[in-house]
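First up is the structure itself, then whatever we jot down about it.
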Amino acid sequence: MARMKFLCDAERCIECNACVTACKQEHEIPWGVNRRRVVTINDGVPGERSISVACMHCSDAPCMAVCPVDCFYKSEEGVVLHDKDLCIGCGYCFYACPFGAPQFPQTGAFGVRGKMDKCTFCAGGPEPDRSEAEFQKYGRNRLSEGKLPACAEMCSTKALLGGDGDVIANIYRERVIHRGKGGEVWGWATAYKMPTGTGGAQPPGAAPTAPAPATGGTKS
């Protein structure tokens, strides 16, 4: 049985937020809840990288361990899902998750959390597949339709990968092998057409590396 996983290739992510928009559009996510978001590190300086973050559907999910009502469960494909009918909105899962995946509605009274919401890997919930009740609570169940998550399908640079963990690992392994050292295959050097042989990719605006002086004697 396949184990469904996400992987975001930071060398390819261009911070377009198409994955965020696709998720909200596909599932009609209410205002104030973001199942997926794009995080940028070192914004505006050399070495800037962006990564798309959501529930990573951990093999040993900390949210499942701390939930006092056991509203979390795993599907046969390893997708971490939850039952909103059991959720009491305590927020323990939010503090336990290292990715900040659990979200709570912000339209209620101050201090009232409401039912937790998070990425479902487009796998719906405990209600019957593709039912109206499932869509209203958890969004569209694309996996039951034989499709991948909407965020991964929408990614224009294929930075965000979603599907069988073994297949994704092989895809990323091939990318790393072809890149060699650094991000020359998909990074500054590719995006800005920098000459090769300058000691690796450089950010825009950086002075080009001077060529090494010629060796050997000269004719008089």
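Need the failing condition index for Ala10 against (1) touching a residue at least 24 places away in the same chain (Cβ under 8 Å); (2) surrounded by fewer than 18 Cβ atoms within 10 Å (Cβ to Cβ); (3) not in a loop (DSSP other than H, G, I, E, B), just the number.
So the condition that Ala10 fails would be (3).
Being buried (at least 18 other Cβ atoms within 10 Å of the Cβ) and assigned to a loop (DSSP other than H, G, I, E, B) is the filter here, so list the residues in segment 35-55 that pass it.
Arg35, Arg36, Ala54, Cys55
If we keep just the residues of segment 153-165 that are out of contact with any Pro (no Cβ under 7 Å at 6 or more places or on another chain) and assigned to a strand (DSSP E or B), which is farthest from Asn17 (Cα to Cα)?
Asp164
So which residues in segment 113-152 are free of Cβ contacts under 8 Å to residues at least 60 places away in the same chain, farther than 25 Å from Gly91 by Cβ, part of a loop (DSSP other than H, G, I, E, B) and among the charged types (D, E, K, R), if there are any at all?
Answer for segment 113-152, where residues must be free of Cβ contacts under 8 Å to residues at least 60 places away in the same chain, farther than 25 Å from Gly91 by Cβ, part of a loop (DSSP other than H, G, I, E, B) and among the charged types (D, E, K, R): Asp129, Arg130, Lys147.
Going through segment 132-180 one residue at a time, which ones are among the small types (Gly, Ala, Ser), surrounded by fewer than 18 Cβ atoms within 10 Å (Cβ to Cβ) and within 21 Å of Lys24 (Cβ to Cβ)?
Listed by number, the residues that qualify are Ala133, Ser144, Ser156.
Where a number appears in this text, it was derived from the coordinates with a stated rule and is not lab data. Nothing here was measured: the structure is a model prediction, and the numbers come from that model. Here the Cβ is made from the backbone with ideal geometry for all residues, glycine too, and neighbour counts use every protein chain on show.
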